[in-house]
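The values are calculated or read from the model by the stated rules, or taken from the named source; none is laboratory data. As the structure is a prediction and not an experimental result, all values here were calculated from the model. Ideal geometry is used to build each Cβ from the backbone, glycine not excepted, and the neighbour counts take in all protein chains shown. These accessible areas exclude ligands, DNA and RNA; they are computed on the full protein's heavy atoms, side chains included. Shrake-Rupley method; radii C 1.70, N 1.55, O 1.52, S 1.80 Å.
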Amino acid sequence: MKNLAHSNYQSALDTVRNLKEKYGETWNAINSESAARMIAQNRFKTGLDIAKYTAGIMRKDMSDYDADSSKYTQSLGCWHGFVAQQKMIAVKKHHKTTCKKYLYLSGWMVAALRSEFGPLPDQSMHEKTAVPLLIKEIYDFLRQADAIELNDLFNRLEKGEDVQGQIDNFETHIVPIIADIDAGFGNEEATYLLTKKMIEAGACAIQIENQVSDAKQCGHQDGKVTVPHEDFIAKLNAIRYAFLELGVDDGVIVARTDSEGASLTQKLPVSQEPGDLASQYLAFVEAEEIDVKDAKEDDVLLKRDGKLVRPVRLSNGLYKFKDGSNIDRVVLDCITSLQNGADLLWIETPTPNVKQIAYMVNRVKEVVSNAKLVYNNSPSFNWTLNFRNQAYEEMLSEGENMTAYDRNNLMDSEYDGSELCHRADEKIKTFQIDGARNAGIFHHLITLPTYHTTALHMNELIKGYFAEEGMLAYVKGVQRQEIRKGVSCVKHQRMAGSDLGDDHKSFFAGDKAIKAGGQKNTSNQFIIKKTEAKPELVLDK
């Protein structure tokens with residue numbers, strides 16, 4: 001954001017100078033410029049400041065997307081503040097701006113990596129407090145990234161470098177988080193209380209799903225049980241009330257439906273009049289016609305189209321939906337959510353297929369024209385196999401000779417480099433662009449990328465380090481790559497705040513400060529000295 005750093009600095013400078021004048025000699029040791037610099041380096045004082053700021057970003061981005069579908073947004077899931085920090089540092093480094101780049105907080109990763117119970121499945125068994133704590137942690141690390149970068153710029157400015165423009169136009173690492181609240185961790189009051197904690201930590205967007213809280217399953221697993229619309233709407237209301245109470249008027253609610261893969265419901269809602277939401281929900285429940293004399297003791301019966309029917313009830317007390325009703329339920333869920341306070345939709349799908357997603361979203365758009373989707377580009381999908389299957393069908397329909405391909409073994413590496421592989425990879429490459437243009441996808445995210453990258457990179461390091469390569473495995477595979485690619489945390493002491501702390505010590509203690517960044521600091525080995533280009537070596541012919 002333009003000029004914010006400078007205006008913050010000047011305003012802070014004026015404030016501190018006035019305070020020094022007010023309190024007199026007792027404040028003589030306080031340097032106005034140093035205090036103003038520290039204030040400017042910490043632009044966001046509270047999580048609520050962050051939530052209000054980032055909510056405005058999301059609202060603008062949603063409006064931009066409505067006008068131009070190429071302006072979609074993206075995020076990656078992060079399970080630690082350091083991971084989120086390094087992501088946003090890399091975004092600024094490679095793409096020069098954080099515009100339309102968000103963070104995603106995955107309930108799956110909180111359960112798997114952040115619970116005091118140890119690794120857990122995605123079934124809302126982890127502590128609900130772990131979610132707001134992770135949001136706060138992420139923003140603590142992002143604020144530290146701001147402070148470190150601005151501190152470096154101020155130091156360069158004091159040494160005479162012309163970096164005032166970079167300070168004036170400094171872009172913060174703070175970006176929106178879309179935060180997963182699962183199914184609300186209880187009733188609507190529990191949802192409201194947890195939402196407040198998440199907003200106070202900095203979340204501007206809350207994603208909630210229409211599963212039963214105490215039977216919640218990962219969206220890509222079986223056994224999902226949905227709730228009636230009235231129950232879900234109550235939780236949407238709870239989230240909106242939390243936003244309003246805390247003054248985040250632009251807070252964003254993402255309503256997720258798991259109906260595509262859910263076949264069960266726990267409750268039969270009470271219909272007040274024909275055709276109401278409860279009635280529409282009940283119409284999806286599978287039932288068999290019955291004569292009242294054939295009803296068993298304690299049977300649950302419904303009247304449907306003038307006939308008596310018995311809902312199919314499983315031994316665990318859950319009710320079964322009609323086979324093939326899932327897409328219609330998804331569409332009704334989406335329309336109902338948007339008509340009752342939700343801002344964005346999330347549809348869990350079994351495969352990443354733009355045409356299938358578009359079919360559902362376009363039906364929703366017939367009722368709510370500006371319906372927009374947050375879509376999970378999930379690692380639960382086998383992307384290679386899914387898109388090779390799509391490419392196979394496409395080539396077959398075009399009359400291509402497909403005898404060279406074993407349809408049951410399309411993952412085989414022998415097809416790498418083939419026309420099938422080329423087509424499939426091109427579809428994967430353009431999936432987000434195609435989805436944004438044709439399927440109403442405003443936001444593309446990957447829920448668990450850093451879970452998988454951590455495992456992959458550890459696998460590669462372990463392979464060599466505990467074998468013949470030894471230390472060379474680390475040096476070649478990690479440190480040398482960090483140095484040559486300019487990865488910020490190669491100087492890990494600086495990234496942890498050591499240099500920033502040294503400057504603060506100077507502010508506080510002056511020349512008496514004991515600093516870590518002296519000549520004996522081994523981080524100095526990573527300062528790349530610029531040298532003149534060596535003359536080209538000419539060999540005798």
Quick one: grab the alpha carbon gyration tensor of the range 220-283, order the square roots of its eigenvalues as a ≥ b ≥ c, and give me rounded if a/c is under 1.5, else prolate or oblate depending on whether a/b is larger than b/c.
oblate
Using the per-residue mean of other Cβ atoms lying within 10 Å as a proxy for protection, in what order, highest first, do the peptides 500-510, 80-90, 455-465 fall?
80-90, 500-510, 455-465
Over the range 53-204, with neighbouring protein chains present, the accessible area per residue in Å² at probe 1.4 Å is 39 Å²
Pull up all non-local amide H partners of residue 73: gap of 5 or more, or a different chain, and H-to-H distance under 5 Å with H placed in the peptide plane.
443, 444
Just one of (i) -0.37, -1.25; (ii) -0.41, -1.28; (iii) -0.52, -1.37 is log10 I(q)/I(0) by the Debye sum over Cα atoms at q = 0.07, 0.13 Å⁻¹ calculated from these coordinates, so which is it?
(iii)
Using helices alone, I'd like the mean residue ellipticity at 222 nm for the chain: each DSSP H run of four-plus residues gives -39500 (n - 2.57), total over residue count, nearest 500.
-14000 deg cm²/dmol
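Compute the FRET efficiency between residue 49 and residue 293 as 1/(1 + (r/R0)^6), taking r as their Cβ-Cβ distance and R0 = 56 Å, and round to the nearest 0.05.
On the way: r = 68 Å, r/R0 = 1.21.
Calculated value: 0.25.
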For the range 36-97, what value does the Rg/Rh ratio take when both radii are computed over Cα atoms and Rh is the Kirkwood radius, given to two decimals?
1.03
Using θ = phi - 60° and the Karplus curve 6.51 cos²θ - 1.76 cosθ + 1.60, what whole-Hz ³J(HN,Hα) does each residue of the range 373-384 get, with Gly and Pro shown as x?
10, 9, 10, 8, 7, 6, x, 6, 7, 7, 4, 4
Across the range 338-348, in residue order, what do the Karplus-derived ³J(HN,Hα) couplings come to in whole Hz, using 6.51 cos²θ - 1.76 cosθ + 1.60 with θ = phi - 60° and x for Gly and Pro?
5, 7, 10, x, 6, 9, 9, 10, 9, 10, 7
What angle do you read, to the nearest 10 degrees and between 0 and 90, between the alpha-carbon axis of helix 47-67 and the longest principal axis of the chain?
60 degrees
Amide H of residue 308 versus every other amide H placed in the peptide plane: which residues, excluding those fewer than 5 positions away on the same chain, fall under 5 Å?
290
Of 93/491; 93/429; 267/320; 87/491; 355/427; 71/92, pairs whose Cα-Cα distance is over 20 Å
93/429
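In the chain, what percent of the accessible surface is made up of carbon and sulfur (1.4 Å probe, ligands and nucleic acids excluded)? Don't skip to the answer; put the middle values down first.
Numbers: 14570 of 28240 Å².
After summing per-atom areas, the C and S share lands at 52 percent.
How much accessible area per residue does the range 404-521 have, in Å², with a 1.4 Å probe? Before the final figure, lay out each step's value.
Numbers: 7480 Å² over 118 residues.
Spelled out: the 1.4 Å probe surface of the range 404-521, per residue, equals 63 Å².
Taking N as the number of residues in the range 418-488, what is its Cα Rg relative to 2.2 N^0.38 Å? Walk me through the numbers before you get to the answer.
Details: Rg = 18.2 Å, N = 71, 2.2 N^0.38 = 11.1 Å.
Against the compact-globule rule of thumb, the ratio is 1.63.
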If unit charges are put on Cβ atoms (+1 for Lys and Arg, -1 for Asp and Glu) and the dipole of the chain is taken about its Cα centre, the option from 199, 84, 475 lying farthest towards the positive end turns out to be 475
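Grab the Cα-Cα distance for residue 478 and residue 384, subtract it from 0.36 nm times how many residues apart they are, and report the gain in nm with one decimal. Each step should come with its number before you reach the end.
Details: separation 94, 0.36 × 94 = 33.84 nm, distance 2.76 nm.
Gain on extension, residue 478 to residue 384, equals 31.1 nm.
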Which far-off residues, 5 or more places away or on another chain, put their amide H under 5 Å from the one on residue 345, with H placed in the peptide plane?
255, 372, 373, 374
For the range 157-162, 3J(HN,Hα) per residue [Karplus equation, 6.51 cos²θ - 1.76 cosθ + 1.60, θ = phi - 60°, Hz, x = Gly/Pro]
5, 5, 7, x, 6, 8
Straight-distance crosslink candidates among aspartates and glutamates, where the alpha carbon sits under 14 Å from residue 512 and sequence neighbours closer than 8 are dropped
502, 503
Summed over the other residues with a beta carbon less than 12 angstrom from that of residue 194, with K and R at +1 and D and E at -1, the charge totals -2
For each pair in 101/372; 101/463; 60/159; 293/322; 52/101, compute the distance between the two Cα atoms and list the pairs where it is over 27 Å.
101/463; 60/159
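Once the piece of chain linking residue 189 and residue 95 is laid out straight, how much longer is it, given 0.36 nm per residue of separation minus the C-alpha distance between them? Display every interim value, and only then the final one.
Numbers: separation 94, 0.36 × 94 = 33.84 nm, distance 4.17 nm.
Separation in residues times 0.36 nm, less the Cα-Cα distance, equals 29.7 nm.
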Student exercise, the range 335-490 dipole from Lys, Arg, Asp, Glu Cβ charges, in Debye to nearest 20:
640 debye
Volume per residue of the C-alpha convex hull in the range 1-115, rounded to whole Å³:
167 Å³
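Filter 128/485; 224/303; 196/505 down to the pairs with a C-alpha to C-alpha distance above 29 Å, please. Don't skip to the end; give the middle numbers.
Values: 128/485 38 Å; 224/303 27 Å; 196/505 36 Å.
Result: 128/485; 196/505 exceed 29 Å.
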Using r as the Cβ-Cβ distance of residue 485 and residue 158, and R0 as 35 Å, what FRET efficiency do you calculate, to the nearest 0.05?
0.75
